[in-house]
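Chemist: Structure incoming, see below.
Read the figures in this text as sums done on the coordinates, not as results from a lab. These numbers come from a predicted model, not from an experiment. Cβ placement follows ideal geometry from the backbone for every residue including glycine, while neighbour counts extend to all protein chains displayed.
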Amino acid sequence: MLKEKIKWNEKYKTLTLKPPSPLLNYIPNTINKKALDLAGGLGRNAYELVKKGYVVDLIDISDIAISKINHPKINTFCLDLDNYIIPQNEYDVIIKIKYFNLNLLKQTANALKKDGYFIFETIPKYSISKNEFFEIFKSFDIIHLNENPFQFVGVKCGCD
């Protein structure tokens, strides 16, 4: 964990906030529903979710990145995601943009409430087969799917 934390802290010393992922356009506006931003960095997607009416839990390994986030509707947690267990049936939206962790991926479906949204984008360095991915997310309706880069936006149906 320490090696990863040092690496990301060095990066976030000079990085600035980028625009949010366009995949967030698929998420509806709401009032006070709960979202989880995994490996959320400086909060580019968390700030957009707040604009859409969500209260956001943002987790990142970098305390430098998290220290730059200041919004009453964004709860920040500096944690190693390799050991994180997502609470079950807790969130209306979960996003993982350009971060891959198979263990967390497998927890996502159970962490979302019925009709919850999952946004996922990976980078080529990390991969999962389509069959393995869709086995995990078989109870989701696909809203958006792109293969290169792999992007997925889905809604958990109540058909478990």
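Chemist: Of A39, I66, P28, which is farthest on the positive side of the dipole of the chain, counting Cα position, with +1 on Lys and Arg Cβ, -1 on Asp and Glu Cβ, and the Cα centre as origin?
Modeler: Value: I66.
Chemist: Under 37 °C and 0.692 mPa s, how fast does region 84-160 diffuse according to Stokes-Einstein, given a Kirkwood radius computed over C-alpha pairs? Answer in µm²/s, whole number.
Modeler: Using the Kirkwood radius from Cα pairs, D works out to 265 µm²/s.
Chemist: Kindly write out, for region 61-74 in residue order, the coupling ³J(HN,Hα) from the Karplus curve 6.51 cos²θ - 1.76 cosθ + 1.60 (θ = phi - 60°), rounded to whole Hz, with x marking Gly and Pro.
Modeler: Rounded to whole hertz, the list is 7, 8, 6, 5, 4, 5, 5, 8, 9, 9, 8, x, 9, 10.
Chemist: Jot down the radius of gyration and Dmax of region 60-109, Cα atoms only, both in angstrom.
Modeler: 11.9, 31
Chemist: Where does region 1-71 land on Rg(C-alpha)/(2.2 N^0.38 Å)?
Modeler: Normalised Cα radius of gyration, region 1-71: 1.15.
Chemist: Same structure, new question: Give me the Debye-computed log₁₀ of I(q)/I(0) at q = 0.12 Å⁻¹ for the chain, equal point scatterers on Cα only, no solvent, two decimals.
Modeler: -0.48
Chemist: Tell me the relative contact order for region 17-160 as a rounded percent, counting alpha carbon contacts under 8 Å between residues six or more apart.
Modeler: Reported as a whole number, the value is 19 percent.
Chemist: Sticking with this one: Rounded to the nearest 20 Debye, what is the dipole magnitude of the chain about its Cα centre when Lys and Arg each give +1 and Asp and Glu each give -1 at the C-beta?
Modeler: 400 debye
Chemist: Give the calculated FRET efficiency between I136 and S67 to the nearest 0.05, with a Förster radius of 25 Å applied to their Cβ-Cβ distance.
Modeler: The calculated FRET efficiency here is 0.15.
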